[in-house]
1. Filter the range 201-233 down to the residues that are out of contact with any Ser or Thr (no Cβ under 7 Å at 6 or more places or on another chain) and at pLDDT below 90 and list them by number.
2. Identify, please: which residue in the range 179-198 is outside any loop (DSSP other than H, G, I, E, B), at pLDDT 75 or above and not polar (S, T, N, Q) and is, among those, farthest from Val70 (Cα to Cα)?
3. Could you tell me which residue of the range 227-251 is nearest to the chain's Cα centre (by Cα), considering only residues that are under 17 Å from Leu73 (Cα atoms) and acidic (Asp, Glu)?
4. Would you confirm whether or not the range 53-64 contains a residue that is modelled with pLDDT under 90 and more than 23 Å from the chain's Cα centre (by Cα)?
5. Are any residues in the range 70-84 part of a helix (DSSP H, G or I) and among the β-branched types (Val, Ile, Thr), and if so, which ones?
6. Could you list, in sequence order, all residues of the range 221-270 that are in a loop (DSSP other than H, G, I, E, B) and of a type in the set (Phe, Trp, Tyr)?
Amino acid sequence: MTDRLKKTAGASLSVALAAALAACGGTGYVEIPIETPIAPKLDVSPFQRIYVAGFLAGASDDVDANMETVRLLRSQLRNKNILPVVDADAIPLAEKALQEVETPPDSGAASPQTAAAPPAEPGQLPAVNNESDLDQYAKVFSDAGYWKQVGEEHEQPLIVTGSVLFVPHARSGFVQREQEQYDSFGRRQVVPIRTYMERKGYILRPTFVFIDGRTGEQLYSESFREEILYGSSQQTPALSSYFELMDRLLPAFLNTLSAQKIHGSRILLK
C-alpha cells in the first residue's frame with residue numbers, strides 16, 4: 001500500500017469511528033495524531049557521500065530522461081540531507097553499455113542483428129521503446145570492475161544508477177465518468193456513464209540500482225512502472241508528465257535510503 005493510500009485509509013477510519021461513537025449516545029472521544037516510521041531498505045551508514053551517476057535512457061526528442069532524472073534525484077537528496085551529494089558530471093553510461101553488448105563468438109564484430117548503433121546523444125541509447133529494449137544493456141550494472149573504478153574517481157560513494165524508460169502511450173476504450181443530471185422537479189443527480197475515449201499519455205519505468213563505490217558490487221535494485229493518460233483534447237507537455245509520474249515514485253526511492261513517516265490518527269475514548 002502506498003503512503004497516499006495509507007493516509008487516506010487512516011483518515012477514513014477516524015471519521016467512521018467518530019461517527020459511530022456519536023451515534024452511540026455521544027460518548028466523548030479525542031483524536032490523537034500519530035506517526036508510523038518505515039525503516040530504510042538500505043543501510044547507508046558506511047558511506048560518506050552519494051553519487052547519482054547517470055541512467056540508461058532511450059533517445060527522445062521530448063525529454064532527456066537521463067539528465068532530468070539525475071537533476072531531480074540530486075535535488076531531492078540535497079533537500080532531504082541524507083548524504084552529501086557528489087557534484088560531478090554524469091558518466092557516459094550509454095557508451096559503456098553499448099560496449100557490453102555481446103558480439104558473436106565467431107566474429108570480431110557484431111552482426112547486424114546484435115550490433116547497437118551509436119547513441120543519438122551522450123547519455124542515451126537508440127531505439128529504446130519498451131522494457132526489453134533496455135534489458136539487453138542491463139549487464140553493465142554487474143561490471144564490478146567498472147563501478148569500482150567509478151567509485152575510486154569520486155571518493156568511494158554510494159552510487160545511484162539504473163535505467164529510465166519514458167515513452168508515449170495510447171489507449172482506447174470505454175471510460176466511466178460521472179455526469180450531472182436534473183429530473184423533472186429540478187433535483188440534481190450524479191449518474192455514472194460509460195464513454196468511448198481515445199487517450200494518450202506516457203509510461204515511466206525507472207529501475208534504480210545502488211552500487212557500493214568501494215567494491216563495485218550491486219547492493220540493491222528496484223523497478224517501478226507508472227503511466228498517465230489524458231483525453232484527446234488535453235495537451236500536456238511531455239516534461240510535465242515526466243515530473244508528475246516521478247512525483248509518485250520519489251517517496252519510495254527516498255525510503256530506500258532513509259526512514260519515512262506515515263502520518264495518521266487514532267480515536268481514544270475519554
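The values are calculated or read from the model by the stated rules, or taken from the named source; none is laboratory data. A quick note: this is a predicted structure, and the numbers were derived from the prediction, not measured. Cβ atoms come from the backbone with ideal geometry, glycine included; neighbour counts cover every protein chain shown.
1. Selection gives Leu229, Gly231, Ser232, Ser233.
2. Among those that are outside any loop (DSSP other than H, G, I, E, B), at pLDDT 75 or above and not polar (S, T, N, Q), it is Tyr182.
3. Asp247
4. No, every residue in the range 53-64 fails to be modelled with pLDDT under 90 and more than 23 Å from the chain's Cα centre (by Cα).
5. Of all residues in the range 70-84, those part of a helix (DSSP H, G or I) come to 70-80.
Selection gives Val70 alone.
6. We begin by selecting, within the range 221-270, every residue in a loop (DSSP other than H, G, I, E, B); these are 224-225, 232-237, 258-259, 270.
Result: Phe224, single match.
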